[in-house]
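Student: Sharing a structure here in C-alpha cells format.
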Amino acid sequence: MQKNTNLFLALIMLLAVFTVGCSSEPNTPSNSKTEYDFGDGYKLYDLIPFFVTYAETGTSKNQTERLNLWNTMLENKFPDFFNQVIYRNLQGTAKDSLKNYIIAIFWQRIVPQQLNTLRMLDQVAAKKIIDSRNSFKQILSDFNLGCNYYQTISFDFSGKSLLLNDKTILAIGLENFISGDIQLDFTIAREQFYIYHRKKGFSADGALFKGIWEEGMAARAQVEVFTGNYTYGQVLNFSQPKIDDILSKWDTLVKKLQYNLLSSADSVKTAFLKDTDNNLAIPPRCGYFIGLRVIMTLIDKGNKFSDMAGWNADTVLAKMQEVLPTLKPE
C-alpha cells in the first residue's frame, strides 16, 4: 500500500512539472543580448528580441490572449518606456485606443511584413550604435551624451531624443528601415549629434538661421561618422526630383533665406524646415540642403567640423551671412 501511494504521488508531481512546462509562456528572449553596457554608467537597451519573442509566442493566439501577452511580455517589463515613449503619456481611453491600434498594427503589418527584417537589423544595429558612439568620441573630444539608448519598435519615429522619467534618452525605431539601408546609419549619427549640439548650448529655437545651421551640421555629422562617397540625396534622404526642384530655384531660395535669416515666424520656419507644403513657393525641407551646403562651404574654407560644433549663435549668424551671398549648390 505504501509503495502504491509513493508511486501515485510521484506521478502527480511529474504531471505537474510537465503541465507547467507546456503551459507557461516565455517571458524573456532566449539566446539574445538585450543590454549593452557602455562602461560609463549608460547602456543600450534592445527591446527588439522581446518584440520578436512576443510575435513568436502569440502567433497561434486569439486577440484577447495577444493582449494579455503584450502586457506580460512587453509592457510590464518596460512600463515607463511604454507609457512615456510608446503611448506618448496618454491616459484613459486615449491611451487604450492608441494601445489597441498599435497592437493591431503589430500583427497586421509588422509581423507578416517586417519581422524577418527586424531580426536581421537587430543583429547589426546595436553594433552601428556602439561604433558610431566611439567614432564621435574620436571626432569630438568632449562627446558625452550622458544618456541611455533604446533600440525598439517605435510605431512612430525613425530616431528621436525624448524624455524618460525626466532624463534624455535616444530611441531608434527599427521598423522604419530595411536591411542594408544607409539611412539607419545616418539616423543613428544624426540623432546623437542633435543631443550633443544642444548640450553644447546651441538651440534651434528662435530665428530661422539656427534651424538651418542645426540641420546642416547634423547632416554633415552623418558623413563624419559613417564616411563614404555619398550623394546629397543619400545624406538628406531626398529623391532626385526633390533635389532637381531645389536646384532649379537655387538663387531665389538663397535670397529668401538671406532675407528671412532672423525671422522667427512659424510660417517661414515651417516652409524651410518642415516636410509640408507651404504658400511661399519653397520646396519642403530645402533648408536642410542649403544648410548642408553652408557647412560644406565653410569646411572647404578651412574650418574644422569639431570647432564648428562649438560655435555660438552669433558666430553662426556671422558665418552664414559671410557665405550665403556667393553660395553655390554644389
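The values are calculated or read from the model by the stated rules, or taken from the named source; none is laboratory data. Just so it is clear, the structure is predicted and the values come from calculations on it, not from any experiment. We place every Cβ from the backbone using ideal geometry, glycine too, and count neighbours over all the protein chains shown.
Student: With respect to Leu170, is the statement that it is surrounded by 20 or more Cβ atoms within 10 Å (Cβ to Cβ) and either hydrophobic (A, V, I, L, M, F, W, C) or not assigned by TED's automatic domain parsing to the domain that holds Phe81 (or both) true?
Tutor: Yes.
Student: Could you say which residue among Lys255, Lys242 is exposed (fewer than 14 other Cβ atoms within 10 Å of the Cβ) and either touching a residue at least 24 places away in the same chain (Cβ under 8 Å) or in a helix (DSSP H, G or I) (or both)? Explain how you work it out, then say what you get.
Tutor: Values: Lys242 fails: exposed (fewer than 14 other Cβ atoms within 10 Å of the Cβ).
So the residue among Lys255, Lys242 that is exposed (fewer than 14 other Cβ atoms within 10 Å of the Cβ) and either touching a residue at least 24 places away in the same chain (Cβ under 8 Å) or in a helix (DSSP H, G or I) (or both) is Lys255.
Student: Here is a further query. Within region 287-309, track down each residue that is over 15 Å from Glu215 (Cα atoms) and touching a residue at least 60 places away in the same chain (Cβ under 8 Å).
Tutor: Scanning region 287-309 gives Ile299, Ser306.
Student: Output the number of the condition that Val85 fails; it satisfies all remaining conditions of (1) farther than 30 Å from Ile195 by Cβ; (2) of a type in the set (Val, Ile, Thr); (3) touching a residue at least 40 places away in the same chain (Cβ under 8 Å).
Tutor: Among (1) farther than 30 Å from Ile195 by Cβ; (2) of a type in the set (Val, Ile, Thr); (3) touching a residue at least 40 places away in the same chain (Cβ under 8 Å), Val85 violates only (1).
Student: Something else: From the list Ser161, Ser179, Ser154, Ser132, exactly one residue is closer than 23 Å to Trp311 by Cβ and not in a helix (DSSP H, G or I). Which is it?
Tutor: Only one candidate qualifies: Ser161.
Student: Scan region 136-146 and tell me whether some residue there is at positive phi and among the small types (Gly, Ala, Ser).
Tutor: yes
Student: While we're looking at this one, here's another question. Determine whether region 76-88 contains at least one residue that is modelled with pLDDT of 95 or more and of a type in the set (Val, Ile, Thr).
Tutor: Within region 76-88, the first condition is being modelled with pLDDT of 95 or more, and the residues that meet it are 76-88.
Next, from what is left, pick out any that are of a type in the set (Val, Ile, Thr): 85-86.
Yes, region 76-88 contains at least one residue that is modelled with pLDDT of 95 or more and of a type in the set (Val, Ile, Thr).
Student: Would region 36-57 turn up any residue that is within 15 Å of Tyr149 (Cβ to Cβ), acidic (Asp, Glu), surrounded by fewer than 16 Cβ atoms within 10 Å (Cβ to Cβ) and modelled with pLDDT of 95 or more?
Tutor: Yes, some residue in region 36-57 is within 15 Å of Tyr149 (Cβ to Cβ), acidic (Asp, Glu), surrounded by fewer than 16 Cβ atoms within 10 Å (Cβ to Cβ) and modelled with pLDDT of 95 or more.
Student: Just for region 258-286: of the residues that are charged (D, E, K, R) and free of Cβ contacts under 8 Å to residues at least 40 places away in the same chain, which one is farthest from Gly211 (Cα to Cα)?
Tutor: Asp277
Student: Testing Ala104 on (1) exposed (fewer than 15 other Cβ atoms within 10 Å of the Cβ); (2) closer than 21 Å to Thr34 by Cβ; (3) aliphatic (A, V, I, L, M), one condition comes back false. Which one is that?
Tutor: (2) is the only condition that Ala104 fails.
Student: I'd like to check which helices (runs of 4 or more DSSP H) are fully inside region 29-111 and have at least 2 residues that are under 29 Å from Asp131 (Cα atoms).
Tutor: Because the criterion is at least 2 residues that are under 29 Å from Asp131 (Cα atoms), the helices (runs of 4 or more DSSP H) in region 29-111 that meet it are 48-58.
Student: Further question on the same structure: Please determine, by comparing only the residues of region 261-291 that are part of a helix (DSSP H, G or I) and polar (S, T, N, Q), which one is surrounded by the most Cβ atoms within 10 Å (Cβ to Cβ). Explain how you work it out, then say what you get.
Tutor: Here is the first cut: in region 261-291, the residues part of a helix (DSSP H, G or I) are 266-273, 286-291.
Checking the rest, the ones that are also polar (S, T, N, Q) come to 267, 270.
On the way: Ser267: 10, Thr270: 16.
Here the answer is Thr270.
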